[in-house]
């Protein structure tokens with residue numbers, strides 16, 4: 001049994017190492033290529049590490065792209081989306097986990113069923129709605145949906161997490177005179193910090209890397225360009241200089257990596273604890 005267990009552990013470790021290498025290799029290739037000149041970048045067979053590392057790609061990418069404006073726009077949209085997702089999804093999950101009301105299960109099933117709808121199905125109705133409201137070319141279509149429910153997945157995950165908190169804490173707080181909103185702020189939120197950080201992390205990555213809706217709602221508005229839209233336009237201009245394109249892509253990826261490394265501990269804790277109680 002011990003030998004079989006060691007073999008199984010070895011196989012699992014090998015699979016984990018292989019998966020880690022597979023996921024990290026594109027990042028390594030992007031960073032590696034960003035430090036290469038064109039001659040070395042197109043060399044056949046390809047070299048693994050740059051033999052003559054250069055920062056020329058980074059200087060050219062930063063010089064030719066309006067990075068500061070795009071960075072500011074991405075930060076504003078991402079911050080608003082993260083705040084809206086955390087607040088709205090936590091309030092919705094709090095209602096479904098703590099209150100009993102008519103057709104509660106039906107409403108929850110309707111919310112969860114929206115996860116099965118592809119974005120293309122709701123794209124045209126949303127576009128027509130924002131067009132009727134004369135809000136195309138603004139950040140409103142990018143931000144407002146996060147403040148009205150956030151995401152069905154976030155609501156489901158937080159509801160599962162909230163249900164692990166004993167309701168006796170709510171009853172004790174109500175005896176002391178606390179209302180529902182005070183219980184939400186003073187008891188529920190502090191006890192669910194890992195889950196909230198997971199929601200914030202997912203919302204950050206989704207908003208920071210958003211490209212599909214930025215092309216639809218913000219394309220053609222130079223002052224509202226985000227980093228992803230700027231990278232797309234930069235690639236169109238510098239399609240032959242992949243070194244500069246990859247250098248700009250590496251710069252754009254840094255904030256998301258930093259945000260993940262900071263919240264990694266809570267991310268693992270939140271994912272492991274979510275779903276303990278159905």
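No value in this document is a laboratory result; all are computed from the given coordinates. Everything numeric here is computed off the predicted structure, so don't read it as measured data. When we count neighbours, we look across all protein chains shown, and the Cβ atoms used for this are built from the backbone with ideal geometry, even at glycine.
Please work out how much length the chain gains when fully extended from residue 18 to residue 136, using 0.36 nm per residue of separation minus the C-alpha to C-alpha distance, in nm with one decimal.
On the way: separation 118, 0.36 × 118 = 42.48 nm, distance 4.49 nm.
Going from the current span to full extension adds 38.0 nm.
Once the Cα atoms of helix 264-273 and of the chain are each reduced to a long axis, what angle between those two axes, in degrees from 0 to 90 to the nearest 10, is obtained? It works out to around 40 degrees.
Most exposed first by the Cβ proxy, i.e. fewest other Cβ within 10 Å, how do 254, 187 rank? Don't skip to the answer; put the middle values down first.
On the way: 254 9, 187 16.
If I rank by nearby Cβ atoms, fewest first, I get 254, 187.
In segment 13-170, Rg over Rh equals 1.13, where Rg is the alpha-carbon radius of gyration and Rh the Kirkwood radius from pairwise Cα distances. Working value for segment 35-109: equivalent-ellipsoid semi-axes of 51, 19, 9 Å, each the square root of 5 times a Cα gyration tensor eigenvalue, largest first.
Based on DSSP H segments of at least four residues, each scored -39500 (n - 2.57), the chain has a per-residue ellipticity at 222 nm of -22000 deg cm²/dmol. Shape index of segment 115-272: Rg/Rh, with Rg the Cα radius of gyration and Rh the Kirkwood radius from the inverse mean 1/r over Cα pairs, equals 1.08. Could you give the nm distance between label points at residue 104 and residue 254, where each point is 7 Å from its Cα heading toward the beta carbon? Going from the residue 104 label point to the residue 254 one covers 4.9 nm. For the chain, the normalised intensity computed at q = 0.08, 0.11, 0.14 Å⁻¹ comes to -0.48, -0.84, -1.13 (log10 of I(q)/I(0), Debye sum over alpha carbons, equal scatterers, no solvent).
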